[in-house]
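*Asks:* The structure that follows is given in the form of structure tokens.
The values are calculated or read from the model by the stated rules, or taken from the named source; none is laboratory data. Note that this is a predicted model, so its numbers are computed, not measured. Cβ: placed from backbone, ideal geometry, glycine included. Neighbour counts: every protein chain shown.
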Amino acid sequence: MKGRGEGASFADAAVRMAGQAGVLFGWGPKRFWRATPAELAALAAVIAGDTDEPLGPRELAAMQERDPDG
């Protein structure tokens with residue numbers, strides 16, 4: 001497996017990211033492969049501290065109402 005950079009293949013990067021998602025988020029392979037890039041990016045932003053402010057109760061309630069299936 002090659003490291004990061006131009007020589008790394010998609011497969012190499014996916015294996016590395018799947019391992020990171022398992023360690024950081026407790027995701028198994030099925031959860032990782034079913035996740036969207038936006039879901040993974042959102043969790044990574046929280047871990048990195050790249051979010052401006054935490055989600056408030058009103059925003060959470062609105063999201064739950066828009067997408068009741070989670």
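*Asks:* Which ones in segment 56-70 are farther than 20 Å from Ala35 by Cα and surrounded by 10 or more Cβ atoms within 10 Å (Cβ to Cβ)?
*Replies:* Glu59, Ala61, Ala62
*Asks:* Let me ask something else. Inspect segment 19-35 for any residue being in a helix (DSSP H, G or I), modelled with pLDDT under 90 and surrounded by fewer than 11 Cβ atoms within 10 Å (Cβ to Cβ) and give the result as yes or no.
*Replies:* No: segment 19-35 contains no residue that is in a helix (DSSP H, G or I), modelled with pLDDT under 90 and surrounded by fewer than 11 Cβ atoms within 10 Å (Cβ to Cβ).
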